[in-house]
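Undergrad: Got a structure for you, written out below as structure tokens; questions coming shortly.
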Amino acid sequence: MLHPASLGFILACAVSLSSSAVILENGMPILWSQTVSQVTELPTQDGILTPDPWRYLNRMSLYRLLIAATDPYMGSMGPGPTENPMWGLALQLGWMQTSGRLADPTGLTTCGLQTGDAMCISPQSWWSCVNHFSSALSFLSAAQHGLMGAGVQVQLQTPAGSEGYCTTYVECSTQYPDAMTKWDAYFQALKASTESALPDNEKKDSILGAYWVAQMGSLQASASCNAKQSHYSSEEVLFANSWMNSAEYVSAAHFHSSLEKSVKFLTPLPSRVLREGDVAPNIADLTPEENHSLSIFSWMRSINTFLGGTLVNMWKGAMCSVTTREQGRQMLEQLLLNPSFATTSFLSLITGMTTSC
């Protein structure tokens with residue numbers, strides 16, 4: 001593995017070479033080649049795995065190991081090697097890193113700064129806190145169900161003075177029972193899928209459904225992170241909340257967060273933390289694509305408020321079958337990535353799909 005200073009230099013160069021967030025390096029998530037590929041390469045103490053999820057390479061390694069452990073159950077996802085839905089979480093972590101969202105927002109430390117400890121993930125960051133509930137809970141559940149090897153025990157490290165971060169399967173199950181139960185159900189469903197007689201498209205839909213139930217469980221548990229939003233601008237908080245709300249749409253559509261599809265959705269996200277006065281689509285140092293994605297988030301937030309919070313419910317009602325969920329995934333792609341796709345078309349299509357359910 002490269003020296004931490006060298007890794008920081010690579011990240012700094014990646015950020016400086018483009019105004020858009022850099023989420024790929026040689027076709028893989030940022031610094032993927034520096035992560036571990038075997039469970040035995042993780043830190044251990046007294047026979048117990050002790051990865052430190054507050055170091056970027058350790059947290060990304062958890063995702064790499066999760067993807068490798070669940071790939072044998074992903075035959076219905078498609079013929080390629082990068083169809084596992086957990087690629088979305090790995091790429092999301094890379095985007096958070098290069099966009100500065102894993103850094104200490106209080107300014108009291110250099111944790112996560114390209115000019116400081118670039119490999120540090122700050123426990124004060126709202127973004128890193130939310131991501132912790134996806135990475136830690138899923139990994140601990142997978143290990144509990146034998147996906148990391150028979151009898152493997154895990155005790156995650158946690159920064160001194162940080163509260164609210166569970167570190168073992170038992171601890172997380174006690175503090176966040178709903179989320180852990182849903183991850184348990186996902187890994188059990190994966191194992192059971194190998195004996196399912198369903199056609200591949202229905203099996204794929206079922207696996208993605210269980211995955212998104214688990215992922216939404218993690219996001220709901222991450223409500224304990226909300227106090228950390230006080231460290232950010234009002235514009236960043238609005239974006240963060242819209243980003244969380246967008247999960248309601250992608251989960252209901254059983255979005256297939258493969259590497260290829262996740263890259264499309266993550267690339268136009270803002271490449272830096274938003275500041276006071278940043279109002280899309282007129283943020284000068286962001287790309288047209290980033291301004292467009294922020295405008296769409298703002299529109300969806302506004303229309304949902306205008307409709308009394310019913311847009312999400314309308315969407316969930318329309319996602320009632322394998323067929324409408326496939327259509328829903330295509331609509332989300334058009335809405336976020338195609339500037340010529342009218343927002344009025346989105347509403348009329350939802351209405352039409354709802355009546356067909």
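The values are calculated or read from the model by the stated rules, or taken from the named source; none is laboratory data. Everything quoted here is computed from the prediction, not taken from an experiment. Cβ coordinates were reconstructed from backbone atoms using ideal geometry, including for glycine residues, and neighbour counts include every protein chain displayed. Accessible surface areas use protein heavy atoms only, side chains included; no ligands, DNA or RNA. Shrake-Rupley method; radii C 1.70, N 1.55, O 1.52, S 1.80 Å.
Undergrad: First compute the accessible area of the chain with a 1.4 Å probe, then give the percent of it belonging to carbon and sulfur atoms.
TA: 56
Undergrad: Here's something else I'd like to know. With the Cα gyration tensor of the chain giving a ≥ b ≥ c as the square roots of its eigenvalues, does the rule (a/c under 1.5 for rounded; else a/b larger than b/c for prolate; else oblate) give rounded, prolate or oblate?
TA: oblate
Undergrad: Under 21 Å between alpha carbons, and skipping anything fewer than 8 positions from K264 in its own chain: which lysines qualify?
TA: The reachable lysines, counting only those whose Cα sits under 21 Å from K264, are K204.
Undergrad: Something else now. Show that you can apply the helix-only estimate: for the chain, add -39,500 (n - 2.57) for every DSSP H stretch of four or more residues, divide by all residues, and state [θ] at 222 nm to the nearest 500.
TA: Helices in the chain give a 222 nm mean residue ellipticity of -17000 deg cm²/dmol.
Undergrad: May I pose another question? Less than 14 Å from a label point 7 Å out along the Cα-to-Cβ axis of V213: which backbone N atoms in region 156-181 qualify, by residue?
TA: 178-181
Undergrad: Choose one answer from L335, L108, L294: the residue with the largest mean-square fluctuation in a GNM of the chain with alpha-carbon springs under 10 Å.
TA: L108
Undergrad: Leaving ligands, DNA and RNA out of it, rank R301, R59, R329 by accessible area with a 1.4 Å probe, largest first.
TA: Heavy-atom accessible area, descending, gives R301, R329, R59.
Undergrad: Once fully extended, how much extra length lies between A68 and S233, figured as 0.36 nm per residue of separation less the alpha-carbon to alpha-carbon distance?
TA: Taking A68 through S233 to full extension adds about 55.6 nm, to one decimal.
Undergrad: With a 1.4 Å probe and every protein chain left in place, work out the accessible area per residue of region 62-107 in Å², rounded to a whole number.
TA: For region 62-107, the solvent-accessible area averages 25 Å² per residue.
Undergrad: Follow-up question, since we're still on this one. Kindly report the accessible area of region 276-357 per residue (heavy atoms of protein chains, probe 1.4 Å, no ligands, DNA or RNA), in Å².
TA: Ligands and nucleic acids excluded, the result is 51 Å² per residue.
Undergrad: As a test question: what accessible area, to the nearest 10 Å², does E260 have when a 1.4 Å probe is rolled over all protein chains in place?
TA: About 120 Å², ignoring ligands and nucleic acids.
Undergrad: 7 Å from Cα along Cα→Cβ at both T106 and Q45: what's the point-to-point distance in nm?
TA: Placing both labels 7 Å along Cα→Cβ, they lie 2.3 nm apart.
Undergrad: Still on this structure, please answer the following. Using a Gaussian network model of the chain with C-alpha springs under 10 Å, which one of D285, D46, D178 is most mobile by mean-square fluctuation?
TA: D46
Undergrad: Under the 0.36 nm per residue contour assumption, what length would be gained going from the current alpha-carbon distance of A150 and S224 to full extension?
TA: Extending this stretch completely gives an extra 23.4 nm.
Undergrad: Continuing with the same structure: When the chain is fully extended, how far beyond the present Cα-Cα distance does K316 get from D285, taking 0.36 nm per residue of separation?
TA: Extra length available between K316 and D285 comes to 7.6 nm.
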